[in-house]
Amino acid sequence: MRERLNLSRMAASAGDPPRDEQLSAWLASVPVPADLADVEAVHLAVSVTCTLRRLTWWADGAPDLFLPAIAEYFERVGAVNAELDRLSEIGPRLRPERLGYWATVAEGLFDAGWHFPSALPLADACAFAPASPANGSVRTWAAAHKINRCTSLSQSIGQGNRVTALQIPLPAGTLEQQTAAALQLYQTLRLPDPPDQALGAMLNTQRAELSLSVWLLADGVARLGLLAPEPSIMTMLDICQADPAFRHADALATFSGLLGAGRPLWVECADTPDGVEVELHYRPSGDVPEK
């Protein structure tokens with residue numbers, strides 16, 4: 001899988017020098033399990049915008065395997081000790097099944113952070129985000145829809161206005177009911193609805209398992225995205241068309257081919273300060289043997 005990440009990076013402009021060195025350093029820090037045959041010991045994942053301009057690598061596994069690696073990596077990239085203290089505080093309280101970390105690169109951008117890719121009580125996850133009216137609005141909306149868990153919690157370690165990201169599954173129901181619940185949060189946070197093209201494509205998916213991705217800041221919301229699981233290639237491309245910067249489906253196909261991933265695990269249409277952005281979330285193939 002590690003070779004797949006390196007191969008796919010060559011197809012993404014986000015992975016061009018000097019950011020390739022930053023990604024290589026991150027990948028080298030990911031721990032190797034004692035049993036190489038245990039495919040569940042280390043999970044690798046990739047997120048990429050449909051324009052290939054921003055690339056994120058993720059890794060997670062058992063906390064006892066990953067915590068030392070995360071501590072060493074954070075120290076190497078200059079994270080303050082308070083970050084490790086915070087992570088050490090959160091872990092025992094939430095008791096996640098898996099612990100991980102990530103690195104994001106784009107032109108002029110490098111960021112990193114930790115994440116818990118496990119089901120967690122939503123109230124507890126929100127408590128670790130900065131207190132803000134937006135945070136309160138998310139909690140109130142979730143309570144109204146009887147949503148009490150999130151499926152991941154992550155936080156950046158960069159200086160400045162740090163991001164706390166939550167992925168929240170929408171309540172069981174039809175695709176129309178899930179979409180309506182999602183749009184209520186967009187309206188509550190005073191954000192524009194996803195483009196009609198993206199909503200229409202998501203309503204044509206086969207599984208009523210939509211989720212929301214919420215990026216919380218101390219002063220509001222950095223991003224709100226609607227995600228559909230395992231879309232068909234046609235649905236994925238229809239949603240990509242909602243991103244005004246999307247141009248080259250062939251380049252995206254090359255990227256996913258090098259990753260060996262086929263279709264993504266999730267396609268996300270998000271509202272950001274720069275407008276609509278579509279991001280694809282993949283699990284790379286393991287058919288290239290580790291060295």
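The values are calculated or read from the model by the stated rules, or taken from the named source; none is laboratory data. Small disclaimer: the values here were computed from a predicted structure and weren't measured. Reconstructed Cβ throughout: ideal geometry from the backbone, glycine too, with neighbour counts over all protein chains shown.
Scanning the range 146-170 for residues that are hydroxyl-bearing (Ser, Thr, Tyr) and part of a strand (DSSP E or B) gives Ser152, Ser154, Ser156, Thr164.
Out of all the residues in the range 75-122, which are at pLDDT 90 or above and either of a type in the set (Phe, Trp, Tyr) or part of a helix (DSSP H, G or I) (or both)? If the condition is that a residue be at pLDDT 90 or above and either of a type in the set (Phe, Trp, Tyr) or part of a helix (DSSP H, G or I) (or both), then Tyr101, Trp102, Trp114, Phe116, Leu122 are the ones that fit. The number of residues in the range 68-86 that are in contact with a strand residue (DSSP E or B) (Cβ under 9 Å, 6 or more places away or on another chain) and farther than 21 Å from Met1 by Cβ comes to 5. When we screen Pro68, Pro63 for residues that are touching a Gly at 6+ places or on another chain (Cβ under 9 Å) and either of a type outside the set (Val, Ile, Thr) or surrounded by fewer than 16 Cβ atoms within 10 Å (Cβ to Cβ) (or both), the only hit is Pro63.
Taking the stated definitions as given, is Leu84 touching a residue at least 12 places away in the same chain (Cβ under 8 Å), buried (at least 18 other Cβ atoms within 10 Å of the Cβ) and in contact with a Phe, Trp or Tyr (Cβ under 7 Å, 6 or more places away or on another chain)? It is false that Leu84 is touching a residue at least 12 places away in the same chain (Cβ under 8 Å), buried (at least 18 other Cβ atoms within 10 Å of the Cβ) and in contact with a Phe, Trp or Tyr (Cβ under 7 Å, 6 or more places away or on another chain).
Taken over the range 95-117, the residue count meeting the criterion of being without any contact (Cβ under 8 Å) to a residue 60 or more places away in the chain, surrounded by fewer than 18 Cβ atoms within 10 Å (Cβ to Cβ) and either closer than 24 Å to Val138 by Cα or in contact with a helix residue (DSSP H, G or I) (Cβ under 9 Å, 6 or more places away or on another chain) (or both) is 3.
Looking only at the range 212-220, decide whether some residue is in contact with a helix residue (DSSP H, G or I) (Cβ under 8 Å, 6 or more places away or on another chain) and part of a loop (DSSP other than H, G, I, E, B). Step through it out loud before you land on a result.
Of all residues in the range 212-220, those in contact with a helix residue (DSSP H, G or I) (Cβ under 8 Å, 6 or more places away or on another chain) come to 212, 214, 216-217, 220.
If we keep only those that are part of a loop (DSSP other than H, G, I, E, B) as well, we get none.
No - not one qualifying residue is present in the range 212-220.
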